[in-house]
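Shown next, in structure tokens, is the structure this report addresses.
Where a number appears in this text, it was derived from the coordinates with a stated rule and is not lab data. Computed from a predicted model, the values in this text were never measured in an experiment. Glycine gets a Cβ as well: all are built from the backbone with ideal geometry, and neighbour counts include every protein chain shown.
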Amino acid sequence: MKIRPIFLICFAVTSLYASDPTALLHDPQVKAAFAAIEHNEPEMISEQIRVCEIAAPPFMEQQRGLELKRLFDGLKLHDVHIDKAGNVIGSRPGAAPHPNVVIAAHLDTVFPEGTAVKVTRNGNILRGPGIGDDCRGLAVLLGMIHALNETQIKTIGTITFVADVGEEGLGDLRGMKELFGDMKGQIDDFISVDGLGTGITNIGVGSYRYKVIFNGLGGHSYGAFGMANPIQAMGRAIAKIDAFEVPTEPKTTFNVGRVGGGTSVNAIPFEAWMEVDMRSADVKSLEALHAKFKAAMNDAVTEENARWNGRGPVKVSLELVGLRPAGNTPESSAIVQTAEAVSKSLSLPVHLGEGSTDSNVPMNLGIPAITIGGGGKGSGAHSLNETYDTTDSWKGTERALLLALSLAQ
């Protein structure tokens, strides 16, 4: 097992090397940082609530982003700025620019504009849209920065903090795509803090998302009978999708999630549309499904037009509305093994899994990347009744800090 050591430089100009993170827990500097995290956690929970009550619908994360920029500035991060996509970026330089460890949490939620974002509290239970996903991740970033500042720990490498946009839904990971385009070659390791618990995501589930539009001439259901019908063409297309054979391992999926079109029960429609989602953690399986899908759409239109002898022909157009690249960080990689060792050193369970997160982008680029939970537990993610239980939530921040320090050797 290859575990990255920590090299900390303090005002006393001492250093610490360790291949076992358990040994680090006895170091005064690390102990002081952990004590600061636990002491500050009530304040960080208050910040988690306050930030979560700033609405951040898809593509409208600006207000929450401006607040994170204000907080980053107040915590004296270097070069705090908002990039073209809307990501808020600030760094904590080490003795050298590399390794540069980026740790991120996303600003956006799945909830549309106008959603009530008030957070209620009953003891340790917080309830509100996005309180766990990913307001918890943002609170972890803030808790880490506070602890680093209070204990004045310095690292050999740089730690860069990012509050990013576009992680959810049709945001299509646009924040990460911008970040890794803008900082090409500058990021050595990437950690996303997303959601709850103590899991480690090292497999990125990729996806294609399409809006498929079928168009025809349309007409009266009786008077123009015999004309090709866009909705019927779409029905043929859906039946073909339903008949796809896909592997169970690696898991590969498809779904028709929304449909629409038509004007009246007694009118042949001039337009119909559907939205389709296809996913797999395996690039080859996803591309094979993608090819089947495109062929099926063309076949469905050909069959509908042939059925009605080409009268009022239907056409199809495919609008790509989402592309999340697939990827993975091997279990044998240093970042995964270090994350496992850090979790074990804190007596936290170790569980590797897969998901669709900000880490998909660096994984696809071959950059070491994982997503970790922010600690605590909860339920109802992506629902109006999302909950977060703050019991021992500080453990998530401790793990994130120890992992970041381990990588910024």
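One table, with the values for the structure above:
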quantity	calculated
Within-14-Å neighbourhood charge of Pro269 [Cβ basis; K, R +1; D, E -1]	-1
Angstrom value of the Kirkwood radius, inverse mean 1/r, which spans all Cα pairs in region 273-409	18.9
For region 206-324, convex hull volume per residue from C-alpha positions, Å³	85
Label of the coordinate-derived value, log10 I(q)/I(0) by the Debye sum over Cα atoms at q = 0.07, 0.09, 0.10, 0.13 Å⁻¹, listed as (i) -0.39, -0.59, -0.70, -1.04; (ii) -0.36, -0.60, -0.74, -1.19; (iii) -0.44, -0.66, -0.78, -1.15	(i)
Sites Arg307 and Leu352 - FRET efficiency at Förster radius 45 Å, r taken between beta-carbons, to 0.05	0.35
Net charge, Gly376 excluded, C-beta distance under 9 Å - Lys, Arg +1, Asp, Glu -1	+1
Value of relative contact order over the chain, rounded to a whole percent, pairs C-alpha under 8 Å and six or more apart	24
Backbone N under 15 Å from the His382 label point (7 Å along Cα→Cβ), restricted to region 155-176	167-173
Residue of Lys154, Lys69, Lys118 that the Gaussian network model of the chain assigns the largest fluctuation, springs spanning Cα pairs under 10 Å	Lys118
Only Lys, Arg (+1) and Asp, Glu (-1) charged, at Cβ; the chain dipole about Cα centre in debye	500
Length gained when the stretch His26-Asp242 is fully extended (0.36 nm per residue, less Cα-Cα span)	72.0 nm
Dipole of region 206-324, positive end: most advanced residue of Gly322, Thr302, Val256 [Cβ charges, Cα centre]	Gly322
Dipole axis of the chain (+1 Lys, Arg; -1 Asp, Glu on Cβ), positive-most option in Leu401, Gly226, Met176	Gly226
Descending semi-axes in Å of region 219-258, equivalent ellipsoid built from Cα gyration tensor	34, 9, 4
Spin-label model distance (nm) - Gln337 vs Ala291, 7 Å beyond Cα toward Cβ	3.6
Total charge dipole magnitude, region 206-324, about the Cα centre, Cβ charges on Lys, Arg, Asp, Glu only, Debye to nearest 20	120
Leading residue at positive end of dipole, region 206-324 (Cβ point charges), from Ile241, Asn215, Met274	Asn215
Cα centroid of region 208-251 to Cα centroid of region 296-311, whole Å	10
Bridge type composition, the chain - antiparallel percent by DSSP, nearest 5	75
In region 134-242, chymotrypsin sites (Phe, Trp or Tyr not before Pro) in a DSSP loop with at most 12 other beta-carbon atoms within 10 Å	Tyr222, Phe225
Those lysines that a straight Cα-Cα span of less than 26 Å connects to Lys118, excepting residues fewer than 8 apart in one chain	Lys69, Lys377, Lys395
Peptides 128-135, 84-91 ordered by average Cβ neighbours within 10 Å, highest first	128-135, 84-91
Spin-label zone in region 127-151 - amide nitrogen under 17 Å from a point set 7 Å from the Cα of Thr120 along the C-beta vector	127-132
Helical contribution to [θ] at 222 nm, DSSP H n ≥ 4, -39,500 (n - 2.57), averaged over the chain, rounded to 500	-11000 deg cm²/dmol
Residue-count net charge about Ala55 - beta-carbon cut-off 12 Å; Lys, Arg +1, Asp, Glu -1	-3
Relative exposure of Arg136, Arg258, Arg311, Arg64, judged by other C-beta atoms within 10 Å (fewest first)	Arg258, Arg311, Arg64, Arg136
Max mean-square fluctuation residue, GNM over the chain, Cα-Cα springs under 10 Å, options Gln48, Gln232, Gln337	Gln232
